[in-house]
């Protein structure tokens, strides 16, 4: 069973991590419907055990501390205003770097790419981020290229996605790569993900 | 400033409520960019103050108890496995009925429609729900019609949406009705909601 760790921190953007959380957990439900064992264990990870206060005020309880986690198959780093503070947090950047070194996949949503650039895993790679942050990330000069106008970018085992809702598409893509398109289609059906934005 | 209350309970489906939460909170951000005051206050409401354990294990802290809330402009009832237990909870159904009686809008996502049918606000109305629950909801005979294959259905001040991710589209629609399409488009842009399901 693979381990998926979703990092959370104060002022993390809510949908950045709950979108992928829903996709990956729904994949386990689909496995159940297929008579298979769960594909993975999905955990919220934070530096402390205390409630995390997200960007819009949602308070969530992490399940695991970074200190108690030294290996993950898949790391997901969401974005949000809190990334501007965490990019100056050497302990968290060191943890991201260490986990990423042995992870099968390293992923981000939105401005989570900032942390993957600062921590190292995205340096010299092609990445994307929230549209409003493309120029700022280019100005940092860490990524080889910051790609605009796409939902997600893969470079080797690094997958970065665009803003907020793009994490859902990226997670569906990764589900398809990991477990096959039938599973990913089952997840899409389970989430009734046939989006029809009315404006 | 309008009050939006999002009901949560054990085994509520995570994206059912975090999707709308993101949309409504992003609308306040858009208001700020326009130099306007926040449109509304968005609160998670539960029967108890203790952490709510969602369907896939996410633990969230509510901000307000049902006992402390006797009026809302907009009520949103999400779905999830927990609705099968809460449909037998007379205290919660009575609260939903009382709040709905004076609310400007009464809304649901996914199987939240079950609670709106059982509590009364959706009786004799046209509704929708998660595709896998359409027949069960029809069999209960409370709604006048359970509509399949649409993202959301409006009947008067009642708006019910289809499964899980459909709550995002419904909330964007309601944002457009309440504050105008420019605000809703700003929310869509802020969330980078240009979905592109890869499977």
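Looking only at residues of the stretch B:67-101 that are under 18 Å from residue B:160 (Cα atoms) and in a loop (DSSP other than H, G, I, E, B), we find that the one that is nearest to the chain's Cα centre (by Cα) is B:78.
Looking at residue B:127, is it in contact with a helix residue (DSSP H, G or I) (Cβ under 6 Å, 6 or more places away or on another chain), more than 28 Å from residue B:189 (Cβ to Cβ) and crowded, with 22+ Cβ neighbours inside 10 Å? For residue B:127, the condition - in contact with a helix residue (DSSP H, G or I) (Cβ under 6 Å, 6 or more places away or on another chain), more than 28 Å from residue B:189 (Cβ to Cβ) and crowded, with 22+ Cβ neighbours inside 10 Å - is met.
Against the list (1) buried (at least 21 other Cβ atoms within 10 Å of the Cβ); (2) in contact (Cβ under 8 Å) with a residue 40 or more places away in the chain, the condition residue B:119 fails is (2).
Checking each residue in the stretch A:9-57 for being assigned to a loop (DSSP other than H, G, I, E, B), more than 10 Å from every other protein chain (Cβ to nearest Cβ) and over 21 Å from residue A:102 (Cβ atoms) picks out A:9, A:10, A:11, A:12, A:34, A:35, A:36, A:37, A:38, A:48, A:49, A:50.
Considering only residues that are outside any loop (DSSP other than H, G, I, E, B) and free of Cβ contacts under 8 Å to residues at least 12 places away in the same chain, look in the stretch A:184-198 and name the one that is farthest from the other protein chains (Cβ to nearest Cβ). Result: A:189.
Scanning the stretch B:79-92 for residues that are within 12 Å of another protein chain (Cβ to nearest Cβ) and surrounded by 17 or more Cβ atoms within 10 Å (Cβ to Cβ) turns up at least one hit. For the stretch B:84-110, a residue qualifies if it is farther than 20 Å from residue B:68 by Cβ and without any contact (Cβ under 8 Å) to a residue 40 or more places away in the chain, and the qualifying residues are B:84, B:87, B:88.
Scanning the stretch B:141-177 for residues that are surrounded by fewer than 19 Cβ atoms within 10 Å (Cβ to Cβ), in contact with a strand residue (DSSP E or B) (Cβ under 6 Å, 6 or more places away or on another chain) and either closer than 14 Å to residue B:111 by Cα or within 11 Å of chain A (Cβ to nearest Cβ) (or both) returns a single hit, B:147.
Residue-wise test of (1) without any contact (Cβ under 8 Å) to a residue 60 or more places away in the chain; (2) in contact with a helix residue (DSSP H, G or I) (Cβ under 9 Å, 6 or more places away or on another chain); (3) under 21 Å from residue A:15 (Cβ atoms); (4) buried (at least 21 other Cβ atoms within 10 Å of the Cβ).
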site	(1), (2), (3), (4)
B:53	yes, no, yes, no
B:58	yes, yes, yes, yes
B:65	yes, no, no, no
B:69	no, yes, no, no
B:74	no, yes, yes, yes
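Among the residues here, residue A:180 qualifies as within 11 Å of chain B (Cβ to nearest Cβ), surrounded by fewer than 23 Cβ atoms within 10 Å (Cβ to Cβ), at positive phi and out of contact with any strand residue (DSSP E or B) (no Cβ under 7 Å at 6 or more places or on another chain).
Laboratory data are not the source of any read-out in this text; all were calculated from the coordinates shown. Since the structure is predicted, the reported quantities are computational estimates derived from the model, not experimental observations. Heads up, the Cβs are rebuilt from the backbone with ideal geometry, glycines too, and the neighbour counts pull from every protein chain shown.
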